[in-house]
Every structure is written in C-alpha cells, then in structure tokens.
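The values are calculated or read from the model by the stated rules, or taken from the named source; none is laboratory data. Source: prediction; values computed, not measured. Neighbour counts are summed over all protein chains in view; Cβ atoms, including those assigned to glycine, are modelled from backbone coordinates with ideal geometry. Quick note on the areas: whole protein, heavy atoms, side chains included, nothing else; ligands and nucleic acids left out. Shrake-Rupley method; radii C 1.70, N 1.55, O 1.52, S 1.80 Å.
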Amino acid sequence: MWKYTGTKECNDFLLSLHLFEYKDEKKYIKTLYSITNKIDSNYKRYKIKKAMGNLERFMNQVLY
C-alpha cells in the first residue's frame, strides 16, 4: 500500500482500523509500527501437523 499512496493516506487508513484506543494519533501510529517492526518479540511461531502430514505455520501474537 505504501508504494502507491502517500504517508498521510497510509496513516489515515491505519487510524480507520481502530485496532486499539488512543486519542493521540502519533502515539497510535508509533505503537502500531513498534509492534509490527519487532515480530520476534511480539509473536510466537507454531507448527501444526495436518492429517496428511503437511505442516502449517501460524504466528500468534504473544499476550503480556
């Protein structure tokens, strides 16, 4: 998305998602980027075997 639109449009889209409650827009954007830029510390990887023997990989957010 960031390749085709400007920074303001990207930030407006992220704000429109209402993922968590912050009244300050800059704090909302900084928090969102800090979560996505530290995938290893914020998400845990799982490998689940399917019935046919294939592996599926999932990434779930680590809750603190």
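Extension gain, residue 25 to residue 44, is 4.1 nm, computed as 0.36 nm per intervening residue step minus the present C-alpha separation. Per-residue extension of 0.36 nm, minus the Cα-Cα distance of residue 36 and residue 7, leaves a gain of 8.8 nm for this segment.
Count Lys and Arg as plus one, Asp and Glu as minus one, and take only other residues whose Cβ is under 14 Å from that of residue 8; the net charge is then -2. What a 1.4 Å probe finds exposed on the range 1-43 is 57% carbon and sulfur by accessible area, rounded to a whole percent. Local charge for residue 30 was computed over the other residues whose Cβ lies under 14 Å away, with Lys and Arg +1 and Asp and Glu -1, and equals +2.
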